[in-house]
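In what follows, a structure is listed as structure tokens, so that the remarks can point back to it.
The values are calculated or read from the model by the stated rules, or taken from the named source; none is laboratory data. Predicted model only: the values in this text are computed from it and were never measured. Cβ placement follows ideal geometry from the backbone for every residue including glycine, while neighbour counts extend to all protein chains displayed. For accessibility, only protein heavy atoms count, side chains too; no ligands or nucleic acids. Shrake-Rupley method; radii C 1.70, N 1.55, O 1.52, S 1.80 Å.
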Amino acid sequence: MLSGSFFAALLASMFRMSTPLVFGATGEIVAERAGVINIGLEGQMLLGAFVAFCVQFTTGSATVGILCGALAGAVSTLPLTGLGVCRRQNQSVVGIMFNILMVGLTSYLYRAFFGVALTAPSIQTLPALPIPLLNRIPLLGEALFSQNALVYLSIFLAIGTWFVLSKTMLGLRIRAVGENPRAAQAAGISVIRTRLGSMCFAGLLGGLGGSFLTVAYVGRFMDGITSGRGYIALAITILGRWNPVVALGGALLFGLVDAFQLRAQAMSVPIPYQFFVMLPYAVVLLSILLMGRNSSEPKALGDPYEKEGR
Amino acid sequence: MKKVYALFLALTLTAALLSGCGGTGTTTPPAGDSGDKEAPEESAGKIQNVAMLLPGLISDQSWNYSAYLGLQEIEEMGYHVEYTESVEQNDSETVFRTYASGDFDLIMGHGYSFIDASLAVAPAFPEKYFYVYGTAPTDVAEEDLPANTAYSYNKEYEGAYVCGVVAAMESESNKIGIVGGAPSNAQIANYNAFREGAQSVKPEIDVSIIVTGTFDDPAKGKEAAYSLIEGGCDVVMHVCDATGTGVIDACVERNVKVLGYGGDQRDLAPDQMLCCLGVNISQCIADQIEKIENGTFSGVQRDGLAEGAIYITEFGTACAEETATKAQEVIQGIVDGSIVPTEVSTEY
């Protein structure tokens with residue numbers, strides 16, 4: 001039972017299930033490093049999922065669909081940044097409001113366009129894009145190098161974002177704004193503009209994560225299809241200590257445990273199902289506890305920034 | 001200026017809150033006096049306005065959708081119907097009360113999550129009728145139920161038994177699986193009957209059960225189905241509404257035979273669907289309305305295949321003749337009482 005093919009399938013499942021979380025956490029890290037809490041990630045994912053589905057359904061092109069989904073996510077952060085940063089409202093409240101709005105908006109628009117029918121519209125999901133040579137590696141080859149383009153993109157973006165944040169001038173600016181916005185402003189960095197850009201990036205990636213769900217994974221849109229994945233990405237941001245590569249590991253851990261619990265249930269292990277369903281969340285919580293929520297948190301996270309203040 | 005703006009905003013929000021009547025889904029607000037009331041032919045009837053609470057969305061292509069179809073049929077009979085979707089368990093009391101204090105005579109909850117609310121609200125509105133479809137109250141004896149409540153705890157498991165028979169006969173690897181949403185009494189009874197039906201045909205068959213914990217996540221359903229298929233199952237059944245759509249999609253992708261739930265889902269998997277376990281909601285509602293008119297409304301009703309409340313859809317192209325014939329025999333056996341599937345609703 002626990003053969004090589006079982007592990008290969010398990011790992012493949014892990015990558016599939018963690019991709020939206022990787023996108024979400026990577027984007028969220030950039031926003032939070034700049035000092036903005038983007039609770040609206042779940043809403044951006046849902047919007048991205050909806051827009052990507054509709055656009056692909058109408059145009060027939062997955063690429064255009066994914067691009068539109070990502071753009072929709074990015075654009076939707078503008079009012080959030082306006083309220084949360086420029087108007088200095090409570091960022092968490094603004095984010096939660098946005099999530100509720102997105103649930104209603106996407107459900108309403110979906111029903112307006114497609115109506116209610118027993119056979120819901122579906123699209124062809126993104127085909128697998130095996131990487132030649134690499135996909136011959138035993139175990140990992142099947143698991144990772146035979147996935148679709150968005151899975152590769154998510155990992156690439158996670159590593160790329162880590163590089164930009166820690167090794168480039170742009171990354172330094174973003175981090176400065178999140179640690180000490182007053183000093184950053186004095187050094188000539190526009191806090192508002194940096195935060196706007198970071199939020200847009202978070203929304204872009206959130207939209208990508210959502211697009212993955214409809215375009216590459218399920219092939220349909222259903223109300224609330226994101227099922228809380230945006231919130232899990234928020235937890236993974238903390239688990240990852242605001243480091244995109246560590247967060248990538250955290251997302252994969254969650255995906256691994258979630259994939260495992262389904263297979264364990266299928267193996268008729270005599271443990272109540274509630275334990276299995278709870279397992280991924282418990283593992284993440286435990287990891288946060290063990291790894292410690294240390295001083296990696298951006299010091300100015302969530303603080304309203306007053307330009308003319310003292 | 002700011003005060004005027006704040007006041008305007010507060011009024012708008014209050015209006016939005018009231019019109020939402022507690023539901024989080026798209027709703028048609030319960031109108032106290034709707035001008036487009038269609039009077040039924042028997043205008044002397046006690047029931048004119050019917051309301052329904054749904055735990056999910058009518059677009060789930062399964063449980064809630066069948067309720068929606070049932071409501072439409074009732075509407076065609078001349079009643080005025082309204083419904084609220086995605087009613088969370090802790091909002092259900094509020095929504096029941098809102099409908100009951102409005103012009104609605106029969107208020108229905110479609111699902112086990114509405115039982116507690118019905119028991120709490122019914123005594124306050126003795127002239128209204130409350131009907132919950134799904135399961136029966138467990139901690140209240142039937143005689144003690146409020147006189148204006150009725151419950152349908154239909155024997156879905158009879159249908160699940162037949163599906164188990166079908167799945168076992170169609171399986172070549174002798175491994176089959178079933179994906180569920182949450183272990184309510186009715187659901188657990190389904191899992192056990194599915195297994196029992198399968199074992200009645202092939203005693204050595206291996207039946208896996210996955211409970212996803214959600215009725216609304218097709219991505220989870222897809223992964224659950226992948227887990228079963230990768231574990232060797234070549235026939236998979238779902239009993240989990242929207243999550244089940246993911247199960248069906250996964251089976252289509254991997255070309256695995258599948259059984260559906262909630263209604264006729266053959267269009268979702270034309271080449272893989274064997275048959276579906278259907279629930280005849282409109283018949284149940286019509287029955288209850290008739291009972292109200294006759295004055296025999298109340299108590300717990302347990303209908304099954306025999307009464308037509310539960311049914312098996314037509315067999316799909318993937319299903320062998322032999323299987324279909326055997327299944328028909330089993331259905332007949334259950335209807336005439338010669339086959340009695342065991343009802344185990346506490347553990348699986």
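Numbers for the structure displayed
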quantity	calculated
Cα pair distances of the protein assembly as shown binned at 10 Å [whole percent]	3, 15, 23, 24, 19, 10, 4, 1, 0
Long-range HN-HN contacts of B:SER208 with modeled amide H, under 5 Å	B:ILE176, B:GLY177, B:ILE178
Carbon and sulfur %, accessible surface of the range A:90-249 computed with the full protein complex present, 1.4 Å	71
Highest-first arrangement of A:149-156, B:221-228, B:246-253, B:341-348, where packing means the average Cβ count within 10 Å	B:221-228, B:246-253, A:149-156, B:341-348
Members of B:LYS202/B:LYS326; B:LYS46/B:LYS155; B:LYS222/B:LYS257; B:LYS155/B:LYS175; B:LYS257/B:LYS326 lying beyond 20 Å, as alpha-carbon distances in this model show	B:LYS46/B:LYS155; B:LYS155/B:LYS175
Global geometry of the range A:206-310, whether rounded, prolate or oblate, following the gyration tensor of its Cα atoms and the 1.5 cut on a/c	oblate
Candidates A:VAL177, A:VAL164, A:VAL269, ranked by Gaussian network fluctuation over chain A, Cα under 10 Å, top entry	A:VAL269
Gained length - B:GLU88 relative to B:GLU321, 0.36 nm times residue gap less alpha-carbon distance	79.6 nm
Descending semi-axes in Å of chain A, equivalent ellipsoid built from Cα gyration tensor	32, 24, 19
Built amide H within the under 5 Å cut-off of A:ILE37, gap 5+	A:GLY302
A:LEU41, A:LEU301, ranked by accessible area, largest first (probe 1.4 Å)	A:LEU301, A:LEU41
Rounded to whole Hz, the Karplus (6.51, -1.76, 1.60) HN-Hα couplings of the range B:278-286, x for glycine and proline	x, 10, 8, 5, 4, 5, 4, 5, 4
Gaussian network model of chain A, springs between alpha carbon atoms under 10 Å - residue of A:GLU42, A:GLU297, A:GLU28 with greatest fluctuation	A:GLU297
Percent of alpha-carbon pairs separated by more than 21 Å within the range A:22-97	30
0 to 90° range, to nearest 10: angle between helix A:191-211 axis and chain A longest Cα axis	10
Helix B:218-230 axis, angle to chain B major axis (alpha carbon atoms, nearest 10°)	10
Gap separating the Cα centres of the range A:246-265 and the range A:189-242, nearest whole Å	18
Separation of the B:ALA16 and A:LYS299 label points, Cα + 7 Å toward Cβ, nm	3.8
Distance (nanometres) between label positions extended 7 Å along Cα→Cβ at B:ARG254 and B:ALA120	4.2
Cβ-derived FRET efficiency at R0 30 Å, A:LEU101 paired with B:ALA6, nearest 0.05	0.90
The range B:196-348: radius of gyration over Cα atoms, expressed as a fraction of 2.2 N^0.38 Å	1.15
For chain B: relative contact order, % (alpha-carbon pairs under 8 angstrom, 6 or more apart)	17
Probe 1.4 Å, protein heavy atoms only - accessible area per residue of the protein assembly as shown in square angstrom	40
Nearest-10 value in Å² for the accessible area of A:MET17, using the 1.4 Å probe	20
Between the range B:270-320 and the range B:50-100, the Cα center-to-center distance that results, in Å	17
Accessible surface buried upon B-A contact (total; probe 1.4 Å; Å², nearest 100)	3000
A:LYS167 paired with B:ARG302, simple spin-label distance in nm, labels 7 Å along Cα-to-beta-carbon	6.9
Summed residue charge, Cβ within 13 Å of A:PHE260's Cβ, Lys/Arg positive, Asp/Glu negative	-2
Theoretical ellipticity at 222 nm over the protein assembly as shown - DSSP helices of four or more residues, -39500 (n - 2.57) apiece, nearest 500	-17500 deg cm²/dmol
Span per principal axis, largest first, for the Cα atoms of chain B (Å)	70, 54, 37
Other-chain or far-sequence residues with amide H under 5 Å of B:TYR348's (modelled H)	none
Helix axis angle, B:185-201 relative to chain B longest principal axis, alpha carbon, degrees	20
Percent accessible area from carbon and sulfur atoms, chain B, protein chains only, probe 1.4 Å	51
Test item: A:220-230 mean partner chain Cβ contacts at 10 Å	6
When the convex hull of its Cα atoms is projected in every direction, mean area for the range B:42-134 (nm²)	5.6
